[in-house]
Amino acid sequence: MTGAVGSKPSSFIEDFTWLEVAAAFKAGVPVIVPIGAASKEHGHHLPMKTDWLLARALAEGIAARLPVLIAPLVPFGYYPVFQSYPGSQHLSADTFQRLLTELLERLIDQGARRLAILNTGVSTEGPVGLASRGILERRGIRVGIADIRRLGRAADHLLEQKIGSHADERETSILLTIAPQLVRMDLAKRD
């Protein structure tokens, strides 16, 4: 981790010992909780783990610039529109909210006091907001939230596709940057 815990090149909690994580919590190091579906439909040309790859890349980008810990990626969420696509994983809104609440509260119980959620979903925004609000009410800790729909808007003028939000020009461009070997442009089509 850059500066916060020893000199490890990673910021992911799973790469540290529990003693190092405890010291980071005690020192007030912020914890980023990335959410990104590990298996969700993304058109004909993008891998099912597009959101997972995006969440990881964004978290790594934050960690390259700021002294933070990154919690293990939450690979499940509330994605009702995609549940009929083979292989897409989906939790109910209530289950996802409870899962996220429990994960955040365990981090708080272990000493984390500065938490932020990095959310790469859109349908997940409601449950994420409810979980965050519940933690503020019960624990008095404000959880920051960065939703994907609000990130990168300054580049909108570069996009040629007029309508889109899922497996579109934006997501395809991002995947072509972070994992080009996984993009099947030969299968890309307007859908």
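The values are calculated or read from the model by the stated rules, or taken from the named source; none is laboratory data. This is a predicted model, so every value here is computed, not measured. Every residue, glycine among them, receives a Cβ derived from its backbone with ideal geometry; neighbour counts consider all protein chains shown. We work out accessible area using only protein heavy atoms, side chains counted, and drop any ligands, DNA or RNA first. Shrake-Rupley method; radii C 1.70, N 1.55, O 1.52, S 1.80 Å.
A few remarks follow.
- Cα gyration tensor shape for the stretch 1-114, rounded if a/c is under 1.5, else prolate or oblate: oblate
- GNM top mover of Val81, Val122, Val68 - the chain, alpha-carbon springs below 10 Å: Val81
- Calculated FRET value between Arg138 and Arg184, using beta carbons and R₀ = 45 Å, to 0.05: 0.50
- Three-way shape label, the stretch 61-117, alpha-carbon gyration tensor, a/c 1.5: oblate
- Share of carbon and sulfur in the accessible area of the stretch 1-143 stands at 58%, probe radius 1.4 Å.
- Secondary-structure-derived ellipticity at 222 nm for the chain, considering helices only, amounts to -11000 deg cm²/dmol, per-run term -39500 (n - 2.57) for DSSP H runs with n ≥ 4.
- For the chain, the per residue solvent-accessible surface stands at 55 Å², with DNA, RNA and ligands left out and a 1.4 Å probe.
- Enclosed volume per residue, in Å³, of the convex hull spanned by Cα atoms of the chain: 125 Å³
- Between 0 and 90 degrees, the angle of helix 50-65 with respect to the longest Cα principal axis of the chain falls at about 50 degrees.
- In a reduced charge model with +1 at each Lys and Arg Cβ and -1 at each Asp and Glu Cβ, the chain shows a dipole moment near 440 debye about its Cα centre.
- Count of Lys pairs (Cα-Cα under 28 Å; at least 8 positions apart or interchain) in the chain: 8
- The angle separating the long axis of helix 93-109 from the principal Cα axis of greatest extent in the chain is about 30 degrees.
- Amide H contacts of Phe12: Ile70, each under 5 Å away and 5 or more positions distant or on a separate chain (H built 1.01 Å from N in the peptide plane; Pro and chain starts excluded).
- Surface listing: Lys49, Lys26, Lys189 arranged by accessible area from highest to lowest gives Lys26, Lys189, Lys49, probe 1.4 Å.
- Note that the stretch 67-76 has calculated 3J(HN,Hα) couplings of x, 9, 9, 10, 5, x, 4, 8, x, 10 Hz, one per residue in order, obtained from phi through the Karplus relation 6.51 cos²θ - 1.76 cosθ + 1.60 (θ = phi - 60°); glycine and proline are x.
- Comparing mean-square fluctuations of Leu73, Leu19, Leu118 from a GNM of the chain with C-alpha springs under 10 Å, the top value falls on Leu19.
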